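Before any comments, here is the structure.
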Amino acid sequence: MSFRMPRAAVPALGLAVFAALAFGGCAAGGGSAGGGSAADGSDASASTNPDTDATPTTLTVFAAASLTEAFDALAADFEAQHPDLDVALSYGGSAALAQQIVEGAPVDVFASAAQPQMRVVVEAGLAEDPVVFATNTLELVVPAGNPAAVTELADLADPDLRIALCDPTVPCGAASDALLAEEGVTASPDTLESDVKAVLTKVVLGEVDAALVYRTDARAAGDAVEGIDVPGAASVVNRYPIAAVGAAADRGGAQADAAADFVAFVTGPSGQAALADAGFGAP
């Protein structure tokens, strides 16, 4: 059952107040030319601010495992200078990364630990004009304290020692093979790993007595390992190339520009300083 208030029960003053409130409510909802505040006190214009709502462009970078520490630092510096960009880094063996790119992985920039792996991407028509941005050489490493008393590269031929090397299909493995051949050492590896960080982990954990890794990786491991210089290592140099990948151009102007900016940053003064800090040699 409904109830209707008698017309006489609503005084004239009450009608006037009601009308004023109703009109005021409509005016408040309409806003003004000078802007206004939402009911919760927030700026009503904030939700339409293009700078606030803009989604950062994600730049996907595939990089050799040996670049991990250097590129982590470098990417943070790059993002600080480009707040509209997010750098997504993916590390691994250069050969595996190159294969993923050829198979269609959505990558914007590729940084390889050696030129043959970059050549795979270039010959597939997915990159142009790669630039060498750093160099690296190998070093013999042992666990802290050197429990097996390793002293030289020739010790890698000792069958009683546990030895780790990179697989020959990846740059650090190819360099290791070249160095061992040049020095006339036939190594007896107990394990072949897919990238240099996997080799280094074996040493850090004490699972092997000695290994060959890049100088930069031995440096990054700090006191967890001990490095032993190899006199002939300077003659086997890995040259690291970097290039924007075709997928960046395929996704439009902003993506292509971001990829070009990152390559320029790595090869420019700031990038070169970060790489030198990590122990890499000049291009």
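The values are calculated or read from the model by the stated rules, or taken from the named source; none is laboratory data. Just so it is clear, the model here is predicted, and its values are computed rather than measured. Don't worry about glycine lacking a Cβ; one is built from the backbone with ideal geometry, like all the others, and counts go over all protein chains shown. We work out accessible area using only protein heavy atoms, side chains counted, and drop any ligands, DNA or RNA first. Shrake-Rupley method; radii C 1.70, N 1.55, O 1.52, S 1.80 Å.
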13 Å cut-off, amide nitrogen to a point 7 angstrom out along ASP229 Cα→Cβ, residues in region 133-152: 139-140
Per the Kirkwood formula on distinct C-alpha pairs, the Rh of region 97-217 is how many angstrom? 15.5 Å
Percent breakdown of C-alpha pair distances by 10 Å bin, ordered from the shortest bin, for region 194-283: 14, 33, 29, 18, 6, 0
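Please give the per residue accessible area of region 106-179, computed with a probe of 1.4 Å over protein heavy atoms only, in Å². Could the numbers behind the result be given before it?
Numbers: 2890 Å² over 74 residues.
I get 39 Å² per residue for this part.
Calculate the dipole size of region 90-249 relative to its Cα centre from +1 charges on Lys and Arg beta carbons and -1 charges on Asp and Glu beta carbons; express the result in debye to the nearest 20.
Numbers: 7 positive and 23 negative charges, 85 e Å.
Computed about the Cα centre, the dipole is about 400 debye.
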Top positive-direction residue, dipole computed over region 141-215 with Cβ charges, set ALA157, VAL142, LEU180: VAL142
Could you calculate, for region 80-168, the ratio of the Cα radius of gyration to the Kirkwood radius, expressed as Rg to Rh? 1.12
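Under a Cβ-only charge scheme (Lys and Arg +1, Asp and Glu -1), can you give me the dipole magnitude of region 101-194 about the Cα centre, in debye to the nearest 20?
Values: 2 positive and 16 negative charges, 23 e Å.
For region 101-194, the charge dipole is close to 120 debye.
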Distance histogram for region 99-149 (every C-alpha pair counted, 5 angstrom bins, percent rounded to whole numbers): 4, 15, 24, 14, 9, 7, 8, 8, 6, 3
With x for Gly and Pro, the residue-by-residue ³J(HN,Hα) of region 96-103, computed from phi through the Karplus equation 6.51 cos²θ - 1.76 cosθ + 1.60 at θ = phi - 60° and given in whole Hz, is 5, 5, 4, 5, 4, 5, 4, 7
